[in-house]
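Everything below concerns the one structure shown next.
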Amino acid sequence: MGKVWKYGHDIDTDAIIPARYMNRSEPEHLAAHCMEDADVTFAQEVKAGDVIVGGKNFGCGSSREHAPIAIKAAGVKVVIAESYARIFYRNALNIGMPILECPEAVVGTEAGDEVEVDLKSGKIDNKTKKTTFQAKPFPPFMQELIDAGGLIPYVKEKKKNA
Amino acid sequence: MNPFGKADFGFGHEKEEIGTKHGSRITRFRAFSVIEILKQSGNVRQIGPPEFCDQRPRMVQANPCAISPGECREAIREKGRLLLMGMTISEKILAAHAGLDSVVPGEIINAKLDLVLANDVTGPVAIQEFGKLGIDQVYDKERVTLVPDHFTPNKDIASAEQSKILRDFAKKMGIKNYWDVGRVGIEHCLLPEQGLVLPGDLIIGADSHTCTYGALGAFATGVGSTDCAAGMATGEAWFRVPESLKFVFHGSKFQPWVGGKDLILYIIGKIGVDGARYKAMEFTGDGIRSLSMDNRLTISNMAIEAGAKAGIIEPDEITLAYVKARAKRDYKVYKSDPDASYEKIYEFNSEDIPLQVAFPHLPENTKSVDEASGLKIDQVVIGSCTNGRLEDLEIAAKILKGKKIHPEIRCLVFPGTQDILLEAMRRGWIETMIQAGAAVSTPTCGPCLGGHMGILAKGERALSTTNRNFVGRMGHPQSEVYLCNPAVAAASAVRGEIVHPREVVNNG
């Protein structure tokens, strides 16, 4: 079970990890500045297993993989959003940062709610509000990538079989 | 003529009347027979989506029974319509690189890449991921390019270490297209200039503004470091074929000082920062065809700011004149079929577009320059991968000639490449700018992303020809960035507040 950190629409990658910290790429360094320009308390107070809930177009802007790396290294279990920017979506799945798309859960969840998320089934259980939501399933190919553990293991496997 | 006019389609044991109101003249469906019938009709493209058990080898071979009859019907109804139509330039490039006759939006393909790009921010992470693949060479030393442009010349020890990772990897792999400080330029100015990105190419770059190369008629898209690593290793990447959106500009006459920057900001203002999310934007019309390459590159560059996967412009004489002088390998010109399918078509009168200013903190917050007029600023930035090309500097120099930068303004100029800088110098523009009181820098992404060389303090406001005005983009989280074209930037630098260039240039 994790606590919800709720943000609005169009959370950009500069908000997730400002470029001024990208002169280094160690996950723990990035995690220490995660969400800094949107919420200075986040990096200090986030606990392992917490959940980020965002609006539409989460992760828009730069192609920096540092963004999902920072979120993952901060201990966030899953990001739930109405929709994702294209590059962030690819990057998150490629590095094994769980993300779910569920507009209903975004509407039905407030900051501080306790939620339990089953990543396999996409079931989102808001314990505080006693409501449950079902995230959209991934397209089959994306599921295959996720099951392989991300793009690198997937490509490795493909190369081996080639 | 519609080849499906008389075809008898059904779905398993169930037959369904669909009607014609969805733009489709297919009346009934049979899922398992669709491919067969399509293949029999000579002038029809083969069906694309893997759900329909295409016989050709694909990355995904889903069992057609795995989807419900309802989903299948829905999909066929949609795809059936598309199959009757031609292809867009984006679909043609993707199909050609995937070794397919055709593709349809939504289809997932594996395609060969003409170029893979990374920079000093995304490159080190890509190199680390590349290492995990257990491969000791990149797929092609000519086609993997590394451009240390973000925090260079190295801004501090940490960024020096990042650059070193890139440099060492380039050396170890024998990568041909690597440039160090003194020769390096801003990647999206440098690669077109060097003839490394060409019409018909399929390109991925670990930088979101990789979409810039769409201006040359290439399908180019930004990816993250891991996708880039896989691309460097295999020369391939997977793509979901995007739906296309068409943006038509009617008329080759624009308002004075209006350029490519205003057109793309105007579009983003209309459709929003996710208005083209996952889609390919295609810019066309005599308005676009009347623009120079520099202006077109600016338009394609900011397609990502509408969430797009690509921002593409069909090559014409202007494109080919630009490319012919630079290309060192073959290229192919693709054009959209007249009956290609677009999810949506937007039409504008070129003359109606006023000079644009995007207010904080999203590029979609656009207003006309007159609405922004009088807003005090502290810093003006002219340059970047969006507006750091020769024509951009020319416009700025033209406005600054014989004038002085306002005493309370810091005006920073960042040419895109060394060649651009040198040419601007030869033409006297750099001298003009320096005499006006502007600081002219070596090419770097520096201030655009708040990296270095022009960071804003708390409460400061910049007017910039760059591409993003997110919170904290250029410095302190409580600073502000306004986006505009080089003419507005230069004129405002003189006036000390946002102003229409006509207010500064007598004959403007």
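Setting aside same-chain residues fewer than 8 positions from B:K309, which lysines have a Cα under 16 Å from its Cα?
B:K92, B:K246, B:K279, B:K344
Once Lys and Arg get +1 and Asp and Glu get -1 on their Cβ, which of B:A457, B:I434, B:V104 lies farthest toward the positive end of the dipole of the protein assembly as shown?
B:V104
Which value, in Å² and to the nearest 10, is the accessible area of A:V40 when all protein chains are kept and the probe is 1.4 Å?
100 Å²
So who's got an amide H within less than 5 Å of the one on B:V481, skipping anything under 5 residues away but keeping other chains? H placed 1.01 Å off N, in plane.
B:A462
At a probe radius of 1.4 Å, what is the per-residue accessible area of B:D337, in Å² to the nearest 10?
About 50 Å², ignoring ligands and nucleic acids.
With the crude spin-label approximation of a point 7 Å out along Cα→Cβ, what separation in nm comes out for A:E110 versus A:K47?
With each label placed 7 Å out from Cα toward Cβ, I get 2.0 nm.
Would you mind working out the accessible area per residue for chain A, using a 1.4 Å probe, and quoting it in Å²? Working shown, then result.
Numbers: 6380 Å² over 162 residues.
Using a 1.4 Å probe on heavy atoms only, each residue of chain A averages 39 Å².
In whole Å, what are the Cα extents of region A:1-103 along the three principal axes, biggest one first?
Result, largest extent first: 34, 28, 23 Å.
Give me the aspartates and glutamates in straight-line cross-link reach of A:K159: C-alpha distance below 19 Å, same-chain residues under 8 apart excluded.
Reachable aspartates and glutamates: A:E144, A:D147, B:E129, B:D136, B:D140, B:D227, B:E236.
Over 23 Å between Cα atoms: which of B:K141/B:K328; B:K112/B:K332; B:K155/B:K367 fall into that group? Don't skip to the answer; put the middle values down first.
Working: B:K141/B:K328 15 Å; B:K112/B:K332 15 Å; B:K155/B:K367 35 Å.
Check vs 23 Å cut-off fails for B:K155/B:K367.
Give me, ordered by chain and number, the residues 5 or more places off A:T128 or on other chains with an amide H under 5 Å from its own placed amide H.
Result for A:T128 returns A:E114.
How much of B:K367 can a 1.4 Å solvent probe reach, expressed as accessible area in Å² and rounded to 10?
Here the residue's solvent-accessible area equals roughly 80 Å².
Determine ³J(HN,Hα), in whole Hz, for all residues of region B:238-254 in sequence, where each value follows from phi through the Karplus function 6.51 cos²θ - 1.76 cosθ + 1.60 and θ = phi - 60°; x replaces Gly and Pro.
8, 9, 8, 4, x, 5, 10, 10, 10, 10, 9, 10, 8, x, 9, 9, 10
Quick check for me: using +1 on Lys/Arg Cβ and -1 on Asp/Glu Cβ, what's the dipole size of chain A about its Cα centre, in debye to the nearest 20? Mind dumping the intermediate values first?
Numbers: 21 positive and 23 negative charges, 121 e Å.
Charge dipole of chain A: 580 debye, to the nearest 20.
Where in region B:205-226 does accessible area fall by at least 50 Å² between the isolated chain and the complete protein assembly, at a 1.4 Å probe radius?
SASA drop of 50 Å² or more in region B:205-226: B:T226.
Need the per-residue list for region B:135-153: every residue with at least 20 Å² less accessible surface in the complex of protein chains than in the chain by itself, probe 1.4 Å, sorted by number.
B:I135, B:F151
As an exercise, find the ratio Rg/Rh for region B:154-300 from alpha-carbon atoms, using the Kirkwood inverse-distance average for Rh.
We get a ratio of 1.01 for region B:154-300.
How big is the charge dipole of the protein assembly as shown about its Cα centre, in debye rounded to the nearest 20, if each Lys and Arg gets +1 on its Cβ and each Asp and Glu gets -1 on its Cβ? Numbers along the way, then the final one.
Working: 80 positive and 85 negative charges, 187 e Å.
The calculation lands at about 900 debye.
With both partners inside the protein assembly as shown, how many of the DSSP beta bridges are antiparallel, as a percent to the nearest 5?
30 percent
How are the Cα pair distances of region B:296-392 distributed, in percent, across 5 Å bins from 0?
2, 8, 12, 20, 21, 15, 11, 7, 3, 1, 0
In whole Hz and in residue order, list the ³J(HN,Hα) couplings for region B:395-410 that follow from phi through the Karplus curve 6.51 cos²θ - 1.76 cosθ + 1.60, θ = phi - 60°; x for Gly and Pro.
These are the phi-based 3J(HN,Hα) values: 4, 4, 5, 4, 6, 7, 4, x, 10, 10, 5, 3, x, 9, 10, 9 Hz.
With +1 on the Cβ of every Lys and Arg and -1 on the Cβ of every Asp and Glu, and nothing else charged, how large is the dipole of region A:57-128 about its Cα centre, in debye rounded to the nearest 20?
Around 440 debye, computed over region A:57-128.
Taking all protein chains in place and a 1.4 Å probe, what share, in percent, of the accessible surface of region B:124-199 do carbon and sulfur account for?
Carbon plus sulfur share of accessible area: 48 percent.
Rank these by accessible area, largest first, 1.4 Å probe: B:H250, B:H452.
Reading off the accessible areas and sorting them downward yields B:H250, B:H452.
For region A:55-162, run through the GluC sites (Glu not before Pro) and keep only the ones in DSSP coil with at most 14 other Cβ atoms within 10 Å of their Cβ.
Passing both the DSSP loop test and the Cβ count: A:E110.
Straight-line reach from A:K3: which lysines have Cα under 23 Å away, leaving out those fewer than 8 places along the same chain?
A:K47, A:K56, A:K72, A:K77, A:K120, A:K123, A:K127, A:K129, A:K130, A:K136
Provide the per-residue ³J(HN,Hα) series for region A:81-97, in order, calculated from phi with Karplus coefficients 6.51, -1.76, 1.60 and θ = phi - 60°, each as a whole number of Hz, with x at glycine and proline positions.
9, 5, 7, 10, 5, 4, 5, 4, 4, 4, 4, 4, 5, 4, 9, x, 8
Total Å² of accessible surface buried at the A-B contact, 1.4 Å probe, nearest 100?
Between A and B, the summed buried area is about 4000 Å².
For region A:69-162, report the convex hull volume of the alpha-carbon atoms normalised per residue, in Å³, without decimals.
Spelled out: Cα convex hull of region A:69-162, divided by residues, is 103 Å³.
Under the rule a/c < 1.5 gives rounded, and otherwise a/b versus b/c splits prolate from oblate, where does the protein assembly as shown land using the Cα gyration tensor?
On the way: a/c = 1.59, a/b = 1.32, b/c = 1.21.
In terms of gyration-tensor shape, prolate.
Would you pull out the residues with amide H under 5 Å of A:V53's amide H, same chain only if 5 or more places away, H placed 1.01 Å from N?
Here A:W5, A:K6, A:Y7, A:I80 satisfy the definition.
Just the number please: accessible area per residue for region B:226-366, 1.4 Å probe, all protein chains included, in Å².
34 Å²
The values are calculated or read from the model by the stated rules, or taken from the named source; none is laboratory data. Treat the numbers as computed from the prediction; the structure is a model and nothing was measured. Cβ: placed from backbone, ideal geometry, glycine included. Neighbour counts: every protein chain shown. For the accessible areas, the whole protein counts, side chains as well, though only heavy atoms, and no ligand, DNA or RNA atoms are used. Shrake-Rupley method; radii C 1.70, N 1.55, O 1.52, S 1.80 Å.
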